[in-house]
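Data block below; observations after.
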Amino acid sequence: MAATMRPADTDAPALLSVTNLEVVYDDVIHVLKGVSLRVEEGRIVALLGANGAGKTTLLRALSGLLDVHDGEVTKGSVIYAGRKIHHLPPTKIASLGIKQVLEGRRIFAELTVEENLRVGGHVAPRSVKQNMERVYGLFPVLAERRKRTAGYLSGGEQQMLAMGRALMSEPSCLLLDEPSLGLAPLIVQQIRDLIVEINASGTTVLLVEQNATMALSIADHGYVMENGKIVMDKPAKELLADSDVREFYLGLGAEGSAKSFRDVKHYKRRKRWLS
C-alpha cells in the first residue's frame, strides 16, 4: 500500500505544535534542548533518531507522562488544537484526543484481547461496540483471538492490540513509539500498512521510528533528532533522498549500496548538520 505524499501547508495552523521545548529529568539531566516541530491535521509525521536522541521524552511531554519519570518541561510550549497542554495531566490530554502507544506494547498480559480493548474504550463508553467493530475490521487477527489471553499473542499481534486499544478511545492524534521494534520484516510491513489505513480514516499520526525506511515511506514530513535537538526537517521524500540520512539512518552508501557492519562501525565522517 503506497502512501500519498501531500505538500505541507506551512501557513495552515498545526493540529499539534511544539515550540522551543526543553525538558529536564531529576532537575539536572537536560534532555530536550529547544525542540520545535509541527504536525498538521490528517498527516503522518515521522520522527527519526538513534537511541537516546530524546524521541520518547518528546512523546512523554506530548502525552503528559513526564511526571511519572521525574521529568519536567522547563521552557517552551506544546499547543494542541489551539490550546496549551504541556502542563496538563495525562488524563486531560487523553480526553482532548491525543493517545500514545508506548514502546514495548505495554498490554495487560493477563487479560483477554477483548478485555484489553474494553479498557481502552472506557473514555468513550457509548461507542465501545462500534469502536470494537472498527478495531476488529482493521485487525482481523484480533477478532479471531478475542477470547485469547493477551500474553500468549505473538509480538506482532501484541503490537496490533496496543494500537487497537488506543483506537478504542477515538483519538484524533495517535503517537506511535517504535511500533516496528523487534518485529519480523513481514509483520513490519503489515504494521506499516495499518498505520496508513488508520491515517486514511482521519487520524493524525506522529510516528517515532528507528526504521527510517518504513517511516519515511508513509510519512508526509519528517524530522531527524539527535542529542535532544531537531537537526533536520524536510518533506519525507527529500529525507529519503538526502545523502546523510541515507548513510546514517538507512545504512546506504552514496550509490545506494548497503554498508556492512564493519563499515558502519568504523565510519568516521561527521554528519554535515553537526559539522
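Since every read-out is calculated from the coordinates, none of them should be taken as a lab result. If you're wondering where the values come from, they're calculated on a predicted model, not measured in any experiment. Glycine also receives a Cβ, built like all others from the backbone with ideal geometry; neighbour counts cover every protein chain displayed.
What the phi angles of segment 18-32 give under the Karplus curve with 6.51, -1.76 and 1.60, with θ = phi - 60°, is a coupling list of 10, 10, 6, 7, 10, 10, 10, 9, 6, 6, 9, 8, 8, 9, 9 Hz, glycine and proline written as x.
Across segment 1-136, C-alpha contacts under 8 Å between residues 6 or more apart give a mean separation that, scaled by the residue count, equals a relative contact order of 22 percent. The fewest-to-most ranking of 96, 239, 58, 194 by surrounding Cβ atoms within 10 Å reads 96, 194, 239, 58. Can you give the FRET efficiency for residue 119 and residue 51, using 1/(1 + (r/R0)^6), R0 = 30 Å, r = Cβ-Cβ distance, to the nearest 0.05? Here the calculated transfer efficiency is 0.50.
Among 186, 176, 206, the largest mean-square fluctuation in a Gaussian network model of the chain (Cα springs under 10 Å) belongs to 186. Computed over segment 1-122, the alpha-carbon pair-distance distribution with 5 angstrom bins reads 2, 9, 18, 20, 19, 15, 10, 5, 1, 0, each value a whole percent. Across the alpha-carbon atoms of the chain, the computed radius of gyration and Dmax are 18.7, 57 angstrom.
Between residue 95 and residue 147, the contour length at 0.36 nm per residue exceeds the Cα-Cα span by 15.9 nm. Between residue 86 and 78, the built amide H atoms are under 5 Å apart, and every one of these is 5 or more places off in sequence or on another chain. Taking every DSSP beta bridge that has both ends in the chain, the antiparallel portion is near 60%. Rounded to the nearest 10 degrees, what's the angle between the helix 128-138 long axis and the longest principal axis of the chain, both from Cα atoms, 0 to 90? Tilt relative to the chain: about 50 degrees.
Report summary: the helix-based calculation at 222 nm, which adds -39500 (n - 2.57) for every DSSP H run with n ≥ 4 and divides by the residues of the chain, gives -9000 deg cm²/dmol.
Rounded to whole numbers, the Karplus 3J(HN,Hα) couplings from phi for segment 69-83 are 10, 6, x, 8, 6, 9, 6, x, 8, 10, 10, 10, 6, x, 10 Hz, using 6.51 cos²θ - 1.76 cosθ + 1.60 with θ = phi - 60°, and x at Gly and Pro. Across segment 21-65, the relative contact order, built from alpha-carbon pairs under 8 Å that are at least six residues apart, equals 30 percent.
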